[in-house]
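Encoded as structure tokens, the structure appears first; notes follow it.
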Amino acid sequence: MQHVSQLGRSGVRVTRIGLGGGPIASLFTEVTEEQARATIDRAWDSGIRFFDTAPLYGHGLSEIRFGRALRGRPRGEFVIASKVGRLLVPLAPDERVESAFVNHPPYRPVFDCSRDAIFRSVDESLARLGLDRIDILHVHDPDAHFGDVIRHAYPALDSLRAQGVVRALGAGMNQWQMLARFARECDFDCFLLAGRYTLIDQSALPELLPLCVRRNISIILGAPYNSGILATGARPGATFNYEAAPPEWIEKTRRAEKICERHGVPLKAAALQFPLRHPAVAAVIPGCRSAAEVGESVAMMHQEIPEAFWRDYHEMR
């Protein structure tokens, strides 16, 4: 079993490394049912007990695949996180929808943070997962809907937490600014922060992370490789935030690579372990699309990194 952390005051304990469920739902390129199952099984065999999914991922396919792989596992031994804010609406026979997920089921995601939509979304997620409860429930990317979350989504989620249907509440976003507003105005247990506290992007550090420490809100760090560049290094075609990396991020990555080379530390190991050095961060959840990627991520988590590396890194930053 991997090391564990508690999420805020919720009592939910997660392994310090989890498995992000976007890639196994054929994000950008196809992942077969067999490959997805092997990925989840390898995570389990490696001691990972924290799995993150969402209706949006593969238009339901990620939840379905996690459900199939976890259904026979002891329910008390793992933590599953999913999300609300997107309802899956069946496609008309001749309808097509643009998506980052290939060969997805015939649904289109529609943003809806109303109270009824929250309850419906949870029921549908439970059906796809084949489980009796969801441990962590995040509002998913409500960037243009702060008011809707405060007025409708959060009260609905809070009632689900009070009923025990959900054990911990959060919000999952690619930005830190709205999460800071949620921290001040609601009683969240955790936030899924994607990419804003990494080896090269610490934009969440000055305000959000100290606020979360004070409010006892745990950070789950998604996209620890910033969508690719911290896994591949600063090579041609490297991506940052799922787009071609701008020169600023190429240069920051190159500086980090030089320190890694000086100390014999793999860039991936530094990228995975860096967020966990902050007291606000409870876990990292790299997205993996194969058993081999899971194995590499776990190895990178256990890679020894000398304190001299971190001293040099902080001097560089």
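So between R73 and A127, what do we pick up on full extension, going 0.36 nm a residue minus the alpha carbon distance?
Numbers: separation 54, 0.36 × 54 = 19.44 nm, distance 1.67 nm.
Computed gain between R73 and A127 is 17.8 nm.
List the chymotrypsin sites (Phe, Trp or Tyr not before Pro) within region 258-317 that DSSP assigns to loop and that have no more than 10 neighbouring Cβ atoms inside 10 Å.
On the way: sites: F309, W310, Y313; in loops: none.
Within region 258-317, no chymotrypsin sites (Phe, Trp or Tyr not before Pro) qualify (loop, at most 10 other Cβ atoms within 10 Å).
Which value, in Å to one decimal place, does the Kirkwood hydrodynamic radius take for region 44-109 when every pair of different Cα atoms is included?
Values: mean 1/r = 0.0754 Å⁻¹.
13.3 Å is the Kirkwood radius here.
With just the Cα atoms defining each centre, how far is region 170-233 from region 66-136? Give it in Å.
23
For H302, project a label point 7 Å along Cα to C-beta. Then give me every residue of region 44-70 with its amide nitrogen under 20 Å of that point.
In region 44-70, the label zone of H302 (backbone N under 20 Å from the point 7 Å along Cα→Cβ) covers 44-51.
Set the Förster radius R0 to 22 Å, insert the Cβ-Cβ distance between M316 and A244 as r into 1/(1 + (r/R0)^6), and round the FRET efficiency to 0.05. Walk me through the intermediate numbers first.
Details: r = 24 Å, r/R0 = 1.09.
Taking R0 as 22 Å, the efficiency between M316 and A244 is 0.35.
Evaluate E = 1/(1 + (r/R0)^6) for F146 and S114, where r is the Cβ-Cβ distance and R0 equals 25 Å; express this FRET efficiency to the nearest 0.05. Each step should come with its number before you reach the end.
Values: r = 15 Å, r/R0 = 0.59.
For R0 = 25 Å, the calculated efficiency reads 0.95.
What value, in deg cm²/dmol to 500, does the helix sum -39500 (n - 2.57) over DSSP H runs of n ≥ 4 give at 222 nm once divided by the residues of the chain? If you can, show how the numbers build up before the last one.
On the way: 11 runs with 115 residues, N = 317.
-11000 deg cm²/dmol, from helical runs alone.
Looking at the chain, send over the antiparallel percent of its DSSP beta bridges, to the nearest 5.
Working: 11 of 41 bridges.
Counting only bridges with both partners in the chain, antiparallel ones make up about 25 percent.
Please express the shape of the chain as an equivalent ellipsoid: the semi-axes are the square roots of 5 times the eigenvalues of the C-alpha gyration tensor, given largest first in whole angstrom. Mind dumping the intermediate values first?
On the way: eigenvalues 176, 100, 76 Å².
Working through the eigenvalues yields semi-axes of 30, 22, 20 Å.
Any idea what angle helix 154-163 forms with the longest principal axis of the chain, computed on alpha-carbon atoms, 0 to 90 degrees, nearest 10?
80
On C-alpha positions alone, give me the angle between the axis of helix 33-45 and the longest principal axis of the chain, in degrees, nearest 10.
Compared with the principal axis, the helix lies near 60 degrees.
Can you figure out the FRET efficiency of A292 with E207, using R₀ = 45 Å and their beta-carbon distance, to the nearest 0.05? Please list the in-between numbers first.
Numbers: r = 38 Å, r/R0 = 0.84.
For A292 and E207, the calculated efficiency is 0.75.
The numbers here are math on the coordinates, done by the rules we state, and not lab data. Treat the numbers as computed from the prediction; the structure is a model and nothing was measured. Note that each Cβ is placed from the backbone with ideal geometry, even for glycine, and that neighbours are counted across all protein chains shown.
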